[in-house]
Amino acid sequence: MSRKELGQPFDIHAGGVDHIPVHHENEIAQSVAAYGVPLATYWVHGEFLTVDGQKMSKSLKNDYSVDDLRSKGVDPMAFRFFALGAHYRSKQNFTWEAVHGASQALSKLQRIVRTWSAPEIGCADLEAEFKAAMENDLNTPEALAVLWKTVDSEYPSAAKASTLLWMDRVLGLKLDEYVAKPLLIPVEIKTLADRRWKARSERDWQTSDKMRDELLSKGWVVVDGKDGYVLER
């Protein structure tokens, strides 16, 4: 099937580290014996994802699905962001705390890029750094570091927008849904949020919490900061 659809050799053959002995060794031997050329040019093997320091398994009831992420209030894209934070050949430990941390970081990124200008000519030096990281054995943690370096740089936002969208063609974080696209907040939601902030500033916690719950029931989350708040869908 792979020979028919991709040709031989094709570029990348992926799999878990447990596939190296026997399975992938046999694939290589059979392909070379049958056709005289390797099956693939690169063999990429991902390390295991543990859960709270343990092996993921149904018997331990720690094998989570995308629906489980959503039930915990985690956007599945935040899990992608979390996974990109570790090199594919390094073990990674899944905890709800870590995934929620990744979710907050991704939300911060989305909020920042919404305020940028429409993308124009990008940042060539930062794009070169990103490309070098990805070409260094798919070093996604280093690539993410370059992404944040771009966000914090002094380049005009239009240039940063262009570069982030270029990076996201590889990372797949759907940043095109956020870059230079301000969130449209209905007047009644903004008014309620302002009233809640006033109550919070006056230390009327009961009223503040009640309004936060009301906003949540209408589909909006309030993220408080030192000098104000941000609304998110």
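Readers should treat all values here as calculations from the given coordinates under stated rules, not as data from a laboratory. Values in this document were obtained by computation on a predicted structure and should not be read as measured data. Note that each Cβ is placed from the backbone with ideal geometry, even for glycine, and that neighbours are counted across all protein chains shown.
Quick look at the values:
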quantity: Extension gain (nm, one decimal) between residue 4 and residue 224, 0.36 nm per residue minus Cα-Cα; calculated: 73.7 nm
quantity: Dipole in debye (nearest 20) - the stretch 35-115, about Cα centre, beta carbon charges: Lys, Arg +1; Asp, Glu -1; calculated: 180 debye
quantity: Segment residue 105-residue 47, length gained on full extension (0.36 nm per residue, minus Cα span); calculated: 18.5 nm
quantity: Local net charge near residue 40, Cβ-Cβ under 11 Å (Lys/Arg +1, Asp/Glu -1); calculated: -1
quantity: Size of charge dipole - the stretch 137-233 - debye, nearest 20, with Cβ of Lys, Arg +1 and Asp, Glu -1, no other charges; calculated: 320 debye
quantity: Cα-based reach from residue 58 at 23 Å (exclusive), listing lysines while leaving out same-chain residues under 8 positions away; calculated: 72, 91
quantity: Positive-end extreme of charge dipole, the chain - chosen from 197, 13, 182 (charges on Cβ); calculated: 197
quantity: Mean projected area (nm²) of the alpha-carbon convex hull when the chain is viewed from all directions; calculated: 17.5 nm²
quantity: Packing-based exposure ordering (other Cβ within 10 Å, fewest first) of 197, 116; calculated: 197, 116
quantity: Label-point separation in nm, residue 190 to residue 58, each point 7 Å along Cα→Cβ; calculated: 5.2 nm
quantity: Gyration tensor verdict on the stretch 2-46 (Cα atoms; rounded if a/c is under 1.5, prolate if a/b is larger than b/c, oblate otherwise); calculated: oblate
quantity: Highest-MSF residue in the chain out of 124, 159, 102 [GNM, Cα springs under 10 Å]; calculated: 124
quantity: Residues of the stretch 42-69 with amide N under 11 Å of a point placed 7 Å along Cα→Cβ from residue 96; calculated: 69
quantity: Label-point separation in nm, residue 138 to residue 112, each point 7 Å along Cα→Cβ; calculated: 2.6 nm
quantity: Around residue 154: net Lys/Arg minus Asp/Glu count, Cβ-Cβ under 14 Å; calculated: 0
quantity: Distance between the stretch 56-97 and the stretch 200-233 - C-alpha centres, whole angstrom; calculated: 28 Å
quantity: Pair residue 19, residue 70: separation of 7 Å Cα→Cβ label points (nm); calculated: 2.7 nm
quantity: Residue (of 117, 59, 151) at the positive-pole extreme of the stretch 51-182, dipole from beta-carbon charges; calculated: 59
quantity: Cα-based shape type of the stretch 70-150, given that a ≥ b ≥ c are square roots of the gyration tensor eigenvalues and the cut on a/c is 1.5; calculated: oblate
quantity: Computed helical MRE - 222 nm, the chain, DSSP H runs ≥ 4 contributing -39500 (n - 2.57), nearest 500; calculated: -15500 deg cm²/dmol
quantity: The stretch 187-232: mean projected area of Cα convex hull, nm²; calculated: 2.8 nm²
quantity: Reciprocal of mean inverse Cα separation for the stretch 139-233 (Kirkwood radius, Å); calculated: 15.8 Å
quantity: Cross-link partners of residue 149 among lysines (Cα-Cα below 18 Å; sequence separation of 8 or more within a chain); calculated: 108, 131, 160
quantity: Residue-wise HN-Hα coupling along the stretch 184-201, computed from phi with Karplus coefficients 6.51, -1.76, 1.60 (Hz; x: Gly, Pro); calculated: 8, 9, x, 4, 5, 5, 4, 5, 4, 5, 5, 5, 5, 5, 5, 4, 5, 4
